[in-house]
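The values are calculated or read from the model by the stated rules, or taken from the named source; none is laboratory data. Keep in mind that what you see is a predicted model, and the values were worked out from it rather than measured. Cβ: placed from backbone, ideal geometry, glycine included. Neighbour counts: every protein chain shown. What goes into the accessible areas is simple: the full protein's heavy atoms, side chains included, and nothing from ligands, DNA or RNA. Shrake-Rupley method; radii C 1.70, N 1.55, O 1.52, S 1.80 Å.
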Amino acid sequence: MRRKIIAGNWKMYKTNSEALNLVKKLNIRLKKKPAKKSQVVIFPPFTALSSISQELKKSKIQVGAQNLFWETEGAYTGEISAAMIKSTGAKWVLIGHSERRQYFKEEEKVINRKIKLALQNKLKVILCVGETLELRQQNLTKDIILNQVEWGLKGLKPVHLQDLVIAYEPVWAIGTGKTATPNQAQEIHNFLREILDALVGGDMGQKMTLLYGGSVKPENAAGLFSQPDIDGALVGGACLDPVSFSKIIEAGEKTF
Ligand code: PEP
């Protein structure tokens, strides 16, 4: 059985005290209704990673960073290394989120370097892929996804893939309230499994955890989770509200 994951990307929200407040509320809810079928991972801003990891020491919720730099260390003002992230207690990192691709011009080569560095440093990775509305309208969704996965996996051995999760996040669905329908999401998840089988072999398509992201809410989560190739969600906006996020986790408990 593939590992199920419900992840929350906090983006650039929450100061340290706000972050602690949110995570305490989430923890209380999850103590009452524990996530038994899925691993919950939260991605707060860098500044809150240490305090949140400390707060969650006895909890099953895991913590990750939203980005990392592609070199081990050096004169790179303002950047954060894999070792620094690990030293906070975080175990995961998000790579290739569409907001990084769009606003920080992160290209496939850079994303591939970041993935390799993260995995070398024993950080688990969620690689985000997805098409813009323009590309979908031009019928290029599958071409762009194939290209992003091919680049993401370049130079990786099958053994590395046990620490890699792919999140399909159509750019047109992120923060817009327009979710892909369960069928649209399922079609691309199934395609991702075909790509993995073709690129890696060894039944990797069936082994890898694949998440859907893009306006996931308590109301649409169960429909997405009931699809055979969707193993969970990467949640943005709704994860900033502990009630909504825990309801999404509960939808997983009922559906997985
Ligand atoms: C995200 O940031 O990865 C995301 C999916 O955001 P939202 O849920 O707000 O669309």
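Residues in region 192-211: is at least one more than 25 Å from L123 (Cα to Cα) and in contact (Cβ under 8 Å) with a residue 12 or more places away in the chain?
no
What are the pairs with Cβ atoms under 8 angstrom where one residue, in region 108-125, is in contact (Cβ under 8 Å) with a residue 60 or more places away in the chain and the other, located anywhere, is among the β-branched types (V, I, T) and not in a helix (DSSP H, G or I)? Sequence gap at least six, or different chains.
The qualifying pairs are K124/V93; K124/V165.
Which residue is nearest to the ligand (Cβ to nearest atom), if the candidates are limited to region 190-216 and must be among the small types (G, A, S) and out of contact with any Lys or Arg (no Cβ under 8 Å at 6 or more places or on another chain)?
Looking at the filtered set, the residue picked out is G213.
Among the residues of region 172-189, which ones are open to solvent by less than 70 Å² (accessible area, probe 1.4 Å) and away from the ligand (no atom under 11 Å from the Cβ)?
T181, P182, Q184, A185, Q186, I188, H189
Among the numbered criteria (1) assigned to a strand (DSSP E or B); (2) among the aliphatic types (A, V, I, L, M); (3) surrounded by fewer than 17 Cβ atoms within 10 Å (Cβ to Cβ), which one does A233 miss?
(3)
Restricting region 63-118 to residues that are within 19 Å of H160 (Cβ to Cβ) and within 16 Å of the ligand (Cβ to nearest atom), which is surrounded by the most Cβ atoms within 10 Å (Cβ to Cβ)?
Taking the candidates together, the pick is I95.
Do any residues in region 66-94 that are without any contact (Cβ under 8 Å) to a residue 60 or more places away in the chain have Cβ atoms under 6 Å from those of residues that are open to solvent by 90 Å² or more (accessible area, probe 1.4 Å), where the two are at least six apart or on different chains, and which pairs are they?
Between residues of region 66-94 that are without any contact (Cβ under 8 Å) to a residue 60 or more places away in the chain and residues that are open to solvent by 90 Å² or more (accessible area, probe 1.4 Å), the close pairs are F69/Y76; W70/R113; S81/E73.
Mind listing whichever residues of region 210-222 are in contact with a Leu (Cβ under 9 Å, 6 or more places away or on another chain) and either assigned to a helix (DSSP H, G or I) or not aromatic (F, W, Y) (or both)?
If we filter region 210-222 for residues that are in contact with a Leu (Cβ under 9 Å, 6 or more places away or on another chain), which is where we start, we get 210-214, 216.
Within region 210-222, L210, L211, G213, G214, V216 qualify.
Quick check on my filter: what residues within region 217-252 are among the β-branched types (V, I, T) and within 15 Å of the ligand (Cβ to nearest atom)?
Filtering region 217-252 for residues among the β-branched types (V, I, T) gives 230, 235, 243, 248-249.
Scanning region 217-252 gives I230, V235, I248, I249.
Take the residues in region 162-171 that are more than 16 Å from the ligand (Cβ to nearest atom) and at pLDDT 95 or above; name whichever of them is surrounded by the fewest Cβ atoms within 10 Å (Cβ to Cβ).
D163
Mind counting the residues in region 22-45 that are open to solvent by 80 Å² or more (accessible area, probe 1.4 Å) and out of contact with any strand residue (DSSP E or B) (no Cβ under 6 Å at 6 or more places or on another chain)?
Of all residues in region 22-45, those open to solvent by 80 Å² or more (accessible area, probe 1.4 Å) come to 24-25, 28-29, 31-33, 36-37.
Now narrow it down to the ones that are out of contact with any strand residue (DSSP E or B) (no Cβ under 6 Å at 6 or more places or on another chain): 24-25, 28-29, 31-33, 36.
Going through region 22-45 one residue at a time, the tally reaches 8.
Starting from residues that are open to solvent by 40 Å² or more (accessible area, probe 1.4 Å) and outside any loop (DSSP other than H, G, I, E, B), keep the ones in region 128-143 and report whichever is farthest from Q66 (Cα to Cα).
Per the criteria, the residue is Q137.
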